[in-house]
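Okay, structure first, notes after.
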Amino acid sequence: MKILITGSAGHLGEALARTLKDSAHEVVALDILDSPFTTDVGSITDRSLVRRCMSGVRTVFHAATLHKPHVATHNRQDFVDTNITGTLNLLEEATAAGVESFVYTSTTSVFGDALVPPPGAPAAWVTEEVTPIPKNIYGVTKSAAEDLCQLFHRNQGLRCIILRTSRFFPEEDDNRRVRETYSDENAKANEYLYRRADIEDIVSAHLLAAKHAPTLGFRKYIISATTPFLPEDLAELRAHAPLVVRRRVPQYEDEYERRGWKMFPNIGRVYVNERARRELGWIPRYDFPHIIDRLKAGEDFRSPLAQVIGSKGYHAEEFADGPYPVE
């Protein structure tokens, strides 16, 4: 089977290409940057190139995008061109080529301001039913691309699965306060409770989405590590998160104390992956208890795939304050 991966020089694109390269499938890997895992260099905004790459393809993994870190370095038209027009080109050509499964990598950033409860309210329990309220051009264009996917399923019958992934990037946090208060490993470990996933689990979700797309037709899924929290924890999470974590994952305290790590004092949102686990049969391995077990064993809590890919960054230049500028 012939598979197209967009964004093959990026973190997820490389992870997909690495995973599929030793299979029996023929992989076409498209990116604006050359890389060991890119077969075709060019932009998804180039309709003729997309058409050529799509020839004979049965499955598309569309991971190419401008990300949140580009908001301060690229203009809004750049986001529209790549995230909307580029996606439209792929959808048009996928339909013409008779593609069987189209998997679009979206983001939990589409939820935007829906993730911020008012003062005094419980933490947000974020499922696929939450209505997105994008707060920047990144979220707006990713949400619009999701709508395009739904349009092509409804009107052209394209089988399309949208995966709203939570954080899986290895770069440092863009929030200065977080960087100054927590070590990078500490902050990322905390996030596995509610807003992070390992790249190995992200890849497995994509493969399952492609497998099930022909029968599911069109679905949206939140892809994030399985939270140990329950809805009844939400009020306390907003005010006293360490108490809730102690109740749900008591084994974390000794390991955190040994390392001098700290839990976040409050948590304002929880991403819920129940639908993806139920409908796709997705079994993410890298949840918070698993992270604690690996730390106790003296192991790197990242998957082997995450370790081999490492950090790619988002920009060619370096910035004085943080891994990338914040608008």
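What follows is calculated from the coordinates using simple rules that are stated; it is not laboratory data. Computed from a predicted structure; not experimentally measured. Cβ coordinates were reconstructed from backbone atoms using ideal geometry, including for glycine residues, and neighbour counts include every protein chain displayed.
Under 1.5 on a/c is rounded, so check that first for segment 105-167, then, if it is not, pick prolate when a/b is larger than b/c and oblate when it is not; a ≥ b ≥ c are the square roots of the alpha carbon gyration tensor eigenvalues. The shape class here is prolate. Between 267, 133, 162, find the one with the highest GNM mean-square fluctuation for the chain; connect C-alpha pairs within less than 10 Å. Of 267, 133, 162, the most mobile in the Gaussian network model is 133. Dividing the mean sequence gap of close Cα pairs (under 8 Å, 6+ apart) by how many residues segment 234-308 holds gives a relative contact order of 30 percent. Among the listed pairs 188/296; 142/188; 68/135; 188/211; 68/188; 2/211, give every one whose C-alpha distance is greater than 21 Å. The pairs that break the limit, which is 21 Å between Cα atoms, are 142/188; 188/211. Between residue 235 and residue 307, the simple label model (points 7 Å from Cα in the Cβ direction) yields a spacing of 4.4 nm. Which parts of segment 187-203 would a label at residue 243 reach, counting a residue when its backbone N lies under 17 Å from a point 7 Å out along Cα-to-Cβ? Answer for this model: none. Once the cut-off is 30 Å, how many percent of the Cα-Cα pairs in the chain end up in the long-distance tail? So the portion of pairs separated by more than 30 Å is 33 percent.
In a Gaussian network model over the chain where Cα atoms closer than 10 Å are linked, find which of 255, 232, 279 has the largest mean-square fluctuation. In this elastic network of the chain, the residue with the biggest mean-square fluctuation among 255, 232, 279 is 232. A Cβ-based charge dipole, computed about the Cα centre of the chain with Lys and Arg at +1 and Asp and Glu at -1, lands at about 780 debye. Here is how the number arises for the chain: DSSP H runs of 4 or more residues each give -39500 (n - 2.57), the sum is divided by the residue count, and the result at 222 nm is -12000 deg cm²/dmol. Under 5 Å from the amide H of residue 227 lie the amide H atoms of 273, each residue being 5 or more positions distant or on a separate chain, with H modelled from the backbone and absent for Pro and chain starts. Which shape class, rounded, prolate or oblate, goes with segment 1-101 when its Cα gyration tensor gives a ≥ b ≥ c as root eigenvalues, a/c under 1.5 marks rounded, and past that a/b bigger than b/c marks prolate? Oblate is the answer for segment 1-101, as a/c is 1.5 or above yet b/c matches or exceeds a/b. A Förster radius of 22 Å combined with the Cβ-Cβ distance from residue 52 to residue 156 puts the calculated FRET efficiency at roughly 0.60. Hey, if you drop one equal point scatterer on each alpha-carbon of segment 174-273 and run the Debye formula without solvent, what base-10 log of I(q)/I(0) do you get at q = 0.13, 0.21, 0.25 Å⁻¹? With one equal scatterer per Cα and no solvent, log10 I(q)/I(0) is -0.56, -1.12, -1.37. For segment 12-127, the dipole from Cβ point charges (+1 on Lys and Arg, -1 on Asp and Glu) about the Cα centre works out to 140 debye, to the nearest 20. Once backbone amide H atoms are built at 1.01 Å from N, residue 106 has 163, 164, 165 as its partners under 5 Å, excluding neighbours fewer than 5 places away on the same chain.
Once the Cα atoms are used to define both axes, helix 137-156 deviates from the longest principal axis of the chain by about 50 degrees.
Here the relative contact order of the chain, from alpha carbon pairs under 8 Å that lie six or more residues apart, stands at 18 percent.
When the chain is treated as a GNM with alpha-carbon contacts under 10 Å, the residue of 283, 137, 222 showing the greatest mean-square fluctuation is 283.
In order along segment 95-108, phi translates into HN-Hα couplings of 4, 5, 8, x, 4, 8, 9, 10, 10, 9, 7, 9, 8, 5 Hz, rounded to whole numbers, per the Karplus curve 6.51 cos²θ - 1.76 cosθ + 1.60 with θ = phi - 60° and x for Gly and Pro. Note on segment 2-309: dipole from Cβ charges, positive end direction compared against 197, 272, 224; the farthest Cα belongs to 272. How high is the FRET efficiency between residue 285 and residue 100 when r is their beta carbon distance and R₀ equals 30 Å, given to the nearest 0.05? Efficiency, from the Cβ-Cβ distance: 0.60.
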